[in-house]
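Below is one structure, written out as structure tokens; the observations come after it.
Here, each number is a calculation from the coordinates, and none is a lab measurement. It should be emphasised that the depicted structure is a prediction, and the values quoted were computed from it without experimental measurement. Please note: Cβ atoms are built from the backbone with ideal geometry, for glycine as well, and neighbour counts cover all protein chains shown.
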Amino acid sequence: MEAEEAEKQLRDYLLNGIVTEIFWAEEAYALAEEVSKHAQAIHAAGFTSLFGSLQVLLSDRQTLSVTKMFDQPKRYPTRSIPAILEFLKAHAGLWKVPERHVLHPTLIEAGAERQSVERLTNVELTHEIVSHYESRLTSLSPSLTELRQSRDKVIAHNEAIERSTLQPPTWGAAISLVEYAKDFVATISFGYLSTSLGRVGGDYNLSYNARRTSKQLRRLLDAADISG
């Protein structure tokens with residue numbers, strides 16, 4: 001594989017894969033949160049069942065989007081973070097890393113010495129970045145297990161098990177994984193592709209877009225006099 005082809009595939013995995021799923025996950029959460037803010041008014045207006053069902057659908061949407069981002073690499077191309085980490089590592093010698101200075105703070109804030117980081121070759125830097133995100137992902141394993149269990153046994157398949165034995169997915173578990181994904185995609189897209197999605201380690205530009213529909217829902221509830 002040539003460097004240009006590798007960059008094209010990395011761009012596809014990041015922008016058409018991770019960025020898209022982050023959007024769906026954040027939009028689902030923003031809508032569910034907006035519904036919760038007006039729960040009493042919705043109940044008083046007699047629409048509890050309608051919005052309750054919508055929240056279940058939004059929870060499923062968020063669970064599916066989050067778990068897709070963390071699917072393990074398969075025999076066919078998979079747009080997921082573990083697949084991207086494998087791809088970066090497998091082609092470490094191809095990356096030009098045009099904005100390598102953007103990657104340095106990620107390692108330094110994790111405890112690496114500044115001088116050591118600045119002396120790394122592009123290949124070494126890539127391996128360190130991959131190791132950093134693999135380590136962070138390991139710490140999020142309980143949250144990911146919680147969501148995968150719901151997806152595999154309830155949402156994607158109607159497994160014949162006692163539902164009470166399953167731990168239901170929480171919004172908090174999904175949010176922690178989405179925050180990791182936003183940091184990952186912002187760092188890698190800027191460092192390797194010079195594509196900015198927000199300040200690395202800070203605000204994620206596309207979160208505003210994901211909140212647009214929740215703001216429209218708020219205006220709709222206000223117009224229908226179902227808000228409070």
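Descriptive notes on the structure:
- GLU4-LYS89 pseudo-label distance in nm [points 7 Å out on the Cα-to-Cβ vector]: 3.0
- 3J(HN,Hα) along the range 94-111: 9, 6, 7, 6, x, 10, 4, 4, 6, 7, 4, x, 4, 7, 5, 5, 8, x Hz, from the Karplus curve 6.51 cos²θ - 1.76 cosθ + 1.60 with θ = phi - 60°, whole Hz, x for Gly and Pro.
- Cα-Cα P(r), the range 12-64, percent of pairs per 10 Å interval: 25, 41, 22, 10, 2
- Cross-link pairs LYS37/LYS215; LYS74/LYS96; LYS68/LYS96; LYS37/LYS182 - those with Cα-Cα distance over 20 Å: LYS74/LYS96; LYS68/LYS96; LYS37/LYS182
- Over all distinct Cα-Cα pairs of the range 59-117, the Kirkwood formula returns a hydrodynamic radius of 13.9 Å.
- Taking packing as the residue-averaged number of other Cβ atoms within 10 angstrom, the listed peptides 57-66, 97-106, 41-50 run from highest to lowest as 57-66, 97-106, 41-50.
- For the peptides 20-33, 214-227, the ranking by mean Cβ contacts within 10 Å, running from highest to lowest, is 20-33, 214-227.
- The rule of thumb for compact globular proteins, 2.2 N^0.38 Å, goes into the C-alpha radius of gyration of the range 3-223 1.15 times.
- Degrees, to the nearest 10: 3-13 long Cα axis against longest axis of the chain: 10
- Each peptide in 115-124, 142-151 was scored by the mean count of other Cβ atoms within 10 Å over its residues; highest first, the order is 142-151, 115-124.
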